[in-house]
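Engineer: Pasting a structure below so you can have a look.
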Amino acid sequence: MEKVAFMFPGQGSQTIGMGKQLADRNPFVKTFFDKADEKLSYELSKIIFEGPEDELTKTMNAQPALLTASIAILEYFKQSGIKADFVAGHSLGEYTALVAAGAITFEEGVYAVRKRGKFMEEAVPNGEGAMAAILGIDREALQAVTDEITSSGHLVQLANINCPGQIVISGTKEGIKLASVKVKERGAKRAIPLKVSGPFHSLLMKPAAESLQTVLNEMTIKDAEIPLIANVTASPVTEADDIQQRLIEQLYSPVLWEDSVKNMIELGVDTFIEIGPGKVLSALVRKIDKTVKVVAVSDEASYQAAIKVLKGETV
């Protein structure tokens, strides 16, 4: 029996105007942007629809903006009648997935990720942490390099295991610099520095995780109605206490995206639907397994194209 997974993008997929076309056409979709403004007590929707880009890319704006746009697009997509057997999100996208799964409300999700973004920005002084995408080296070889450099006193670790040959590392500025040189000696094709405001998914985010725990403790997290494939374990989770624990660990642990996709396929998923701006996750899934069906929905045209592809599927 074929199964469907909904996937939600993480930070970096934000674009000015995301969700605007659907909000302009559909009053119900627009209510999500209005609710976000009300919950956060500032005009997030104006930043989403009009920019400027440097405001939208700030971590504490980008995170609630992506969750808002992705949930608005999901609400539009729901008219298709297609339902998910599993949900997953990349880093920040995990919160969007939890809203989709009924584990947290939209308003609490927006509030939590605004705080999460703020804590992440504050955890490490600007310029002291960094991240880089490493291409063309396997996980074990890269792990050996990061272990070696960390043991020499410069923390660096695997942060996003995205797909074969594409892994992001995170840590101190010096750790990333040393690792970027050493991986090339070990056969990596490229080391690309990332434009980020901190060393996300590394142990340097522990202070942010402690602050986040306080916010999550005040929220009402329910059991998920749809199993979430957690970033930290790449395994299904539905119980509220487990969900909260995974969200805290997620801040300083690697995002096991490649493992998550492979596990969903083993659980019977043959259709992956990326909901939200961009096609980053769709591209990663195709690199992990070329045999599965993958579509991305971000606006009216992509919605119509996706429905054509999905027509006739068991849902």
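The values are calculated or read from the model by the stated rules, or taken from the named source; none is laboratory data. Remember, it's a predicted structure, so these values are computed and weren't measured experimentally. Here Cβ is always computed from backbone atoms with ideal geometry, including for glycine, and neighbour counts include all displayed protein chains.
Engineer: With Lys177, Lys182 as the choices, which residue is under 26 Å from Thr57 (Cβ atoms), surrounded by fewer than 21 Cβ atoms within 10 Å (Cβ to Cβ) and not acidic (Asp, Glu)?
Structural biologist: Lys177
Engineer: Would you be able to tell me the number of residues in region 124-140 that are buried (at least 17 other Cβ atoms within 10 Å of the Cβ) and at pLDDT below 95?
Structural biologist: 1
Engineer: Do we have Ala100 as under 16 Å from the mean Cα position of the chain (by Cα), crowded, with 24+ Cβ neighbours inside 10 Å and within 21 Å of Gln245 (Cα to Cα) here?
Structural biologist: So Ala100 fits the description; yes.
Engineer: Can you name the number of the only condition in (1) under 19 Å from the mean Cα position of the chain (by Cα); (2) modelled with pLDDT of 95 or more that Ser41 fails?
Structural biologist: It is condition (1) that Ser41 fails.
Engineer: Please go through region 264-312 and give me each residue that is of a type in the set (Val, Ile, Thr), outside any helix (DSSP H, G or I) and either over 15 Å from the mean Cα position of the chain (by Cα) or surrounded by fewer than 17 Cβ atoms within 10 Å (Cβ to Cβ) (or both), ordered by number.
Structural biologist: Val269, Thr271, Thr291, Val292, Val294, Val295, Val297
Engineer: For Pro164, state whether it is modelled with pLDDT under 95, at negative phi and not basic (Lys, Arg).
Structural biologist: No: the conditions fail for Pro164.
Engineer: Sticking with this one: Scanning for something closer than 22 Å to Val309 by Cα, without any contact (Cβ under 8 Å) to a residue 24 or more places away in the chain and surrounded by fewer than 23 Cβ atoms within 10 Å (Cβ to Cβ), does region 72-86 turn up at least one residue?
Structural biologist: Yes: one or more hits.
Engineer: Hey, among Ala36, Ala23, Ala65, which residue is in the same structural domain as Ala283 (by TED's automatic domain parsing), part of a helix (DSSP H, G or I), within 26 Å of Ala132 (Cβ to Cβ) and of a type in the set (A, V, I, L, M, F, W, C)?
Structural biologist: Only one candidate passes the filter, namely Ala65.
Engineer: Related question: Return the residue satisfying two criteria in turn: it lies in region 1-60 and is of a type in the set (Ser, Thr, Tyr) and under 20 Å from Glu75 (Cα atoms), and of such residues it is surrounded by the fewest Cβ atoms within 10 Å (Cβ to Cβ).
Structural biologist: The qualifying residue surrounded by the fewest Cβ atoms within 10 Å (Cβ to Cβ) is Thr31.
Engineer: Give me the strands (runs of 3 or more DSSP E) completely within region 152-245, filtered to those with at least 1 residues that are over 22 Å from Arg116 (Cβ atoms) and without any contact (Cβ under 8 Å) to a residue 40 or more places away in the chain, ordered by residue number.
Structural biologist: Correct list: 166-172.
Engineer: Examine region 141-158 for a residue that is acidic (Asp, Glu), surrounded by fewer than 19 Cβ atoms within 10 Å (Cβ to Cβ) and not assigned by TED's automatic domain parsing to the domain that holds Ile275, and state whether such a residue exists.
Structural biologist: Yes.
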